[in-house]
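The structure under discussion appears below in the form of structure tokens.
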Amino acid sequence: MLSYILKRLALTIPVAFGVSIVCFMLVHIAPGDPLTSVLPPDASAQLQSEMRKLYGFDRPLPVQYGLWVMKTLQGDLGVSIATGRPVASELGKALGNTLMLAVLATMIGFLFGCLFGFVAGYFRDSWIDRLASFVSIIGVSVPHYWLGMVLVIIFSVQLNWLPATGAGPGGSADWAWDWVHVRHLILPAMTMSVIPMGIIARTVRALVAEILSQEFVSGLRAKGLLDFGVFRHVVKNAAPTALAVMGLQLGYLLGGSILIETVFSWPGTGFLLGQAIFQRDLPLLQGTILVLAMFFVALNLIVDIVQSMLDPRVQRA
Amino acid sequence: MHFNVRQIITAGLLAGSMLVAPAMAQEKVLRIGMTAADIPRTHGQPDQGFEGNRFTGIPMYDALTAWDLSSADKASVVIPGLATEWAADANDKTKWIFKLRPGVKFHDGSALTADAIVWNVEKVLKKEAAHFDPSQVGVTVSRMPTLRTARKIDDLTVELTTSEPDSFLPINLTNLFIASPAHWNAKLAAVPASVTDPVERAKQAWVAFAAEPSGTGPFKGVRLQPRERFEMVANKTYWDPKRTPKIDRVVLLPLSDANARTAALLSGQVDWVEAPAPDAMPRIRSGGFTIYSNPQPHVWPWQFSFAEGSPWLDKRVRHAANLCVNREELKTLLGGMMGVPKGSVSPDHPWWGNPTFDIKYDLANAKKLMTEAGHSAAKPLKVKVLTSASGSGQMQPVTMNEYLQQALKECFFDVELDVIEWNAVFTNWREGAKDPKARGANAINVTFATMDPFFAMVRFVSTKTFPPVSNNWGFFGNDEFDGLIAKARSTFDGKERDAALANLHKRIVEEAPFLWVAHDVGPRAMSAKVKGVVQPKSWFIDIAPMSID
């Protein structure tokens with residue numbers, strides 16, 4: 001087991017290196033000026049050149065990359081051009097906010113996804129299956145920013161039950177686990193949960209249907225196990241894959257959703273990333289992408305390890 | 001124990017007053033949903049364009065000169081701010097003397113003196129200064145390109161110098177907000193001693209200053225939550241009694257999505273939103289909210305190319321295009337949310353100048369001009385316009401450009417729209433029409449502000465501002481225009497300078513290097529609780545005289 005973990009850890013090093021090159025190059029290849037946020041577009045050519053020098057953007061790209069990697073390895077992600085604040089602190093706060101949202105959305109998605117998936121798989125080809133499949137397909141297909149806006153119109157504008165934007169009446173810095181604050185979390189979490197719900201439901205349905213068609217299930221029934229007993233075996237067999245899918249979905253959601261977080265003005269990583277893109281704030285953009293990518297790599301690693309614990313055949317593969 | 005009627009009534013009144021008292025003392029809070037995605041910087045030189053100046057500049061800081069935002073009818077002009085008077089030196093026009101307003105104090109209690117003005121000039125111009133801040137240079141220096149130095153004459157007199165005689169300086173100085181040196185020094189002193197690099201210490205002091213700013217404005221910044229909210233409270237000792245705030249607290253919320261802003265307003269989370277979603281206007285009105293709008297110093301144009309081979313070299317073609325657009329119809333298409341232009345500035349502006357060419361809808365004359373120029377329905381004139389699908393100040397570029405495409409077809413134009421990414425359009429605005437990245441376009445659609453003469457006119461018609469120096473994308477200009485600009489720059493009496501600028505504007509309209517299509521009207525929706533709102537003909541609005549029920 002230890003050697004498996006070490007092998008998987010070693011594999012993350014070239015991945016991390018590749019990620020750092022890709023995210024550095026991508027933001028430099030994209031059109032736009034990195035000084036957009038501190039320099040009006042109508043600034044003179046001379047001023048533009050002076051500012052480029054002041055911020056070090058006049059250096060060759062390999063030199064800029066080298067300096068960035070050196071600093072990053074020391075834990076310094078630099079300073080946002082637009083705000084002058086350290087990228088690490090901006091990212092830390094945003095990650096905390098997205099974590100709350102993503103965990104709640106994943107829980108909702110996993111709960112309802114498994115429910116719909118098991119029901120659909122268990123009652124395959126019945127009207128229950130068709131209904132559950134319809135709901136899960138809607139979950140995967142519906143544009144979630146559109147759903148977010150619809151939920152806002154219904155629950156905020158028309159019914160005035162839940163707030164339309166923000167992370168609490170005093171912002172995320174004053175966050176508390178009370179109703180006044182939690183009500184701000186409900187609409188974005190519900191909106192965010194529909195995609196994992198749909199994906200998990202589709203996966204679980206296929207798994208359950210496949211497991212039920214296997215011979216050992218007939219064996220279990222022949223041994224006289226009741227439906228509940230058979231169901232326990234199905235759950236146990238479906239769990240590793242469902243868990244892996246949930247892990248990946250949590251990874252996706254931890255990256256934040258630019259659209260959902262923008263629609264609800266939720267100060268998470270997606271919101272931060274969106275702003276960094278529009279402001280061409282390179283240090284913030286690079287730092288955010290790198291950390292999110294590494295987060296995803298780490299999450300994959302954890303899922304692989306947990307999966308191998310649940311099903312030792314994974315290790316051998 | 002026995003109570004008589006009087007005691008019972010007294011007790012009742014006391015209990016009642018205890019219930020009412022908190023309501024009476026309730027803080028009057030105004031919550032504003034901005035279009036910016038982040039809180040504009042709060043250290044005195046805001047980013048996020050003019051929205052930054054509007055919300056974290058003007059409310060918290062004053063400049064030497066200011067915009068008059070008190071009228072919705074008159075053009076907004078420059079008035080005294082922290083300076084009560086100013087004049088260029090009679091013998092050396094590169095030197096200006098500004099007399100400061102006595103008795104003004106910063107929010108931290110320190111006094112405004114000439115030293116503070118010098119310090120604020122040096123924060124962006126003197127690289128050796130301890131408080132020099134590169135992040136403030138771009139947004140400041142670009143707005144006052146000729147300013148070079150500042151020198152104290154006495155406590156209430158300061159001398160500013162420019163690189164060349166420049167009568168536009170007092171207008172440009174509306175963008176230099178005066179921050180408190182004493183407060184910054186206190187923040188610098190609080191930086192841990194372990195930070196030894198002076199540049200890093202200065203950087204940290206500015207970050208701390210931004211979190212707890214100190215200017216001389218009617219509001220004082222008290223709480224910054226980056227990317228979420230910024231709170232300001234009333235400065236009850238503000239120097240101008242007319243602008244002493246009636247609102248206790250202003251909360252700024254960045255809500256970049258138009259639908260999110262509109263929903264926040266309709267659900268009562270904010271009292272005011274900038275630029276509500278256009279298709280939600282009827283719903284907003286029916287909800288009892290008020291939509292304020294007024295033409296802004298803003299132009300939505302096509303800027304023509306005068307490079308060799310351009311179809312716009314023929315003045316008749318340029319005039320025909322300007323006469324061929326039914327702007328009232330376009331206004332209806334945009335739900336009334338645009339101003340109809342007569343030039344780069346409006347006829348009530350001091351720089352108007354009575355041009356002989358009248359920009360209006362005159363289809364017959366437009367067709368006649370095009371026919372004279374050798375074009376017809378069978379032989380249309382091909383033109384190509386570079387534009388974007390979105391962008392700051394661009395209003396609704398696709399809808400508007402498609403309308404123009406249809407409208408100009410009637411006047412024998414065959415318009416090709418080249419819609420590319422906004423930053424690419426903007427970058428090419430500086431590269432010019434002759435650059436390959438213009439993709440063969442002979443007109444470009446980039447909107448601009450007309451607050452000061454350089455940005456409104458000079459940069460588009462001077463031979464000194466050909467790309468890549470500035471935004472004369474189409475290479476328009478000649479000796480006549482250079483002469484008019486030189487005259488305006490070197491005329492130091494305010495009224496005479498405006499007259500010289502009016503001459504320049506008159507000739508620009510007559511030569512028509514643009515197709516003038518619209519002025520933005522800066523729509524903002526507010527709750528009926530917000531009173532005393534004056535939406536001036538400006539990019540800015542003054543929160544100080546407003547009240548809230």
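Every number in this text was worked out from the coordinates using simple rules, so none of it is lab data. Owing to the predicted nature of the structure, the values given are computational and were not obtained by experimental measurement. Neighbour counts are summed over all protein chains in view; Cβ atoms, including those assigned to glycine, are modelled from backbone coordinates with ideal geometry.
Quick check on chain A: helices-only [θ] at 222 nm, where DSSP H runs of length 4 and up contribute -39,500 (n - 2.57) each and the sum goes over total residues. Nearest 500, please.
-24500 deg cm²/dmol
Take each complete run of DSSP H in chain A, measure how far its Cα atoms stretch along the helix's own axis, and keep only those covering 27 Å or more with mean Kyte-Doolittle hydropathy at least 0.5; list them.
The answer, listed by residue number, is A:2-29, A:87-122, A:179-212, A:227-254, A:282-310.
With angles folded into 0 to 90 degrees, how steeply does helix B:494-511 sit against the dominant principal axis of chain B? Use alpha carbons for both and round to 10.
40
Reachable aspartates and glutamates from B:LYS95, Cα under 13 Å, same-chain residues fewer than 8 places away excluded?
Cross-link targets: B:GLU159, B:GLU164, B:ASP166.
Could you work out [θ]222 nm for chain B from helices alone, using -39500 (n - 2.57) per DSSP H run of at least four and dividing by all its residues? Round to the nearest 500 deg cm²/dmol.
-9000 deg cm²/dmol
What's the exposure ranking of B:LYS220, B:LYS531, going from fewest to most Cβ atoms within 10 Å?
B:LYS531, B:LYS220
How do A:PHE264, B:PHE475 rank when sorted from fewest to most other Cβ atoms within 10 Å of their own Cβ?
B:PHE475, A:PHE264
Starting at the first residue of region B:201-209, write each ³J(HN,Hα) from the Karplus equation 6.51 cos²θ - 1.76 cosθ + 1.60 with θ = phi - 60°, in whole Hz, x for Gly and Pro.
Once θ is set to phi - 60°, the couplings for region B:201-209 become 5, 5, 4, 5, 5, 5, 5, 5, 5 Hz.
For region B:337-459, what class follows from the C-alpha gyration tensor (a ≥ b ≥ c being the square roots of its eigenvalues): rounded when a/c is under 1.5, otherwise prolate if a/b is larger than b/c, else oblate?
Note, shape of region B:337-459 comes out oblate.
Treating the beta-carbon of each Lys and Arg as +1 and of each Asp and Glu as -1, no other charges, what is the dipole magnitude of the protein assembly as shown about its Cα centre, to the nearest 20 debye?
1260
Over region B:276-375, what per residue volume does the convex hull of the Cα atoms give, in whole Å³?
That works out to 140 Å³ per residue.
If you average the C-alpha positions of region B:202-225 and of region B:251-288 separately, how far apart do those two centres end up, in angstrom?
28
Could you pull out every Cys in the protein assembly as shown that lacks a partner Cys with its beta carbon under 4.7 Å away?
Isolated Cys, the protein assembly as shown: A:CYS23, A:CYS114.
Could you work out the relative contact order of region B:270-343? I mean the mean sequence separation of Cα pairs under 8 Å and 6+ apart, divided by the number of residues, in percent.
Result for region B:270-343 is 26 percent.
So, with +1 on the Cβ of K and R and -1 on the Cβ of D and E, and no other charges, what is the size of the charge dipole of chain B about its Cα centre, to the nearest 20 debye?
780
For A:SER3, A:SER49, B:SER194, what's the fewest-to-most ordering of other Cβ within 10 Å of each Cβ?
B:SER194, A:SER3, A:SER49
Can you give the charge dipole size of region B:111-206 about its Cα centre, rounded to the nearest 20 debye, using +1 on the beta carbon of Lys and Arg and -1 on the beta carbon of Asp and Glu?
Value, rounded to 20: 220 debye.
Largest first and in whole Å, what are the equivalent-ellipsoid semi-axes of the protein assembly as shown based on the Cα gyration tensor, each being the root of 5 times an eigenvalue?
Value: 52, 36, 30 Å, ordered largest first.
Taking +1 at the Cβ of each Lys and Arg and -1 at the Cβ of each Asp and Glu, which of B:VAL195, B:PRO355, B:MET370 sits farthest along the dipole of the protein assembly as shown towards its positive end, judged by Cα position relative to the Cα centre?
Among B:VAL195, B:PRO355, B:MET370, the one farthest towards the positive end of the dipole of the protein assembly as shown is B:VAL195.
Which entries in the list B:LYS152/B:LYS187; B:LYS99/B:LYS495; B:LYS203/B:LYS242; B:LYS495/B:LYS531 go over 28 Å, if you measure between the two C-alpha atoms of each?
Check vs 28 Å cut-off fails for B:LYS203/B:LYS242; B:LYS495/B:LYS531.
Over chain A, what relative contact order in percent results from Cα pairs under 8 Å that are six or more residues apart?
Averaging sequence separation for qualifying contacts and normalising by length gives 27 percent for chain A.
Two-decimal Rg/Rh of region B:462-515 from alpha-carbon positions, Kirkwood Rh?
We get a ratio of 1.00 for region B:462-515.
Among B:PRO295, B:THR465, B:LEU265, pick out the residue whose Cα is farthest towards the positive end of the charge dipole of chain B, where Lys and Arg carry +1 and Asp and Glu carry -1 on C-beta, about the Cα centre.
Sorting the options by dipole projection puts first B:LEU265.
Shielding of A:93-101 by partners, i.e. mean partner chain Cβ atoms within 10 Å per residue?
1
Quote the relative contact order of chain B in percent (integer), defining contacts as alpha-carbon pairs under 8 Å separated by 6+ residues.
The normalised contact order for chain B reaches 20 percent.
Specify which residue in the list B:THR161, B:ALA66, B:TRP184 is farthest towards the positive end of the charge dipole of region B:61-193, using unit charges on the beta carbon of Lys, Arg (+1) and Asp, Glu (-1), about the Cα centre.
Sorting the options by dipole projection puts first B:TRP184.
How about A:LYS236: which lysines have a C-alpha closer than 22 Å to its C-alpha, ignoring those fewer than 8 places off in the same chain?
Excluding near neighbours in sequence, the set is A:LYS223.
When DSSP assigns beta bridges and you keep just the ones with both residues in the protein assembly as shown, what percent turn out antiparallel, to the nearest 5?
70
Mind running the shape call on region A:116-239? Use the C-alpha gyration tensor, a ≥ b ≥ c as the square roots of the eigenvalues: rounded below 1.5 for a/c, prolate if a/b tops b/c, oblate otherwise.
prolate
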